[in-house]
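Structure record follows, encoded as structure tokens.
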Amino acid sequence: MKNGAIYIMINKSYPGLVKIGYASDVEKMVDQLNNSAVTPYPYMIYAKYEVPPTFAEDGVQRVIDRLMQGKEVDDEQRKLQ
């Protein structure tokens, strides 16, 4: 099974915000985001960390939750991640 990656993306349409998640192919995902008419500026990969496929969504969510302890994130923002 191919490794996936935890990614951090930025977009100057949303100053001060980052998109964090997991994808099996980050470059393909950012290309799909940038080929849609959702934002006037492209998403850029700020950081990418390769992880084994067994890590997937549950592991990513645990890491994000740990990183976000003490930070304000409402339910709507969490759904967008």
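The values are calculated or read from the model by the stated rules, or taken from the named source; none is laboratory data. Computed from a predicted structure; not experimentally measured. Cβ: placed from backbone, ideal geometry, glycine included. Neighbour counts: every protein chain shown. Surface accessibility is based on the protein's heavy atoms, side chains included, excluding ligands, DNA and RNA. Shrake-Rupley method; radii C 1.70, N 1.55, O 1.52, S 1.80 Å.
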Exercise. Got at least one residue in segment 9-16 being surrounded by 12 or more Cβ atoms within 10 Å (Cβ to Cβ) and touching an Asp or Glu at 6+ places or on another chain (Cβ under 6 Å)?
Worked result: no
Exercise. Can you find a residue in segment 46-57 that is under 13 Å from residue 2 (Cβ atoms), in contact with a strand residue (DSSP E or B) (Cβ under 9 Å, 6 or more places away or on another chain) and surrounded by 14 or more Cβ atoms within 10 Å (Cβ to Cβ)?
Worked result: yes
Problem set entry | Residue, nearest to the chain's Cα centre (by Cα), within segment 23-43, restricted to residues that are surrounded by 12 or more Cβ atoms within 10 Å (Cβ to Cβ) and not in a helix (DSSP H, G or I) | 23
For this session: Output the qualifying pairs, or none if there are none: Cβ atoms under 6 angstrom, residues six or more apart or on different chains, first residue in segment 21-41 and touching a residue at least 60 places away in the same chain (Cβ under 8 Å), second residue open to solvent by 50 Å² or more (accessible area, probe 1.4 Å).
Result: 21/81
Exercise. Looking only at segment 7-56, which residues are at pLDDT below 90 and basic (Lys, Arg)?
Worked result: 19
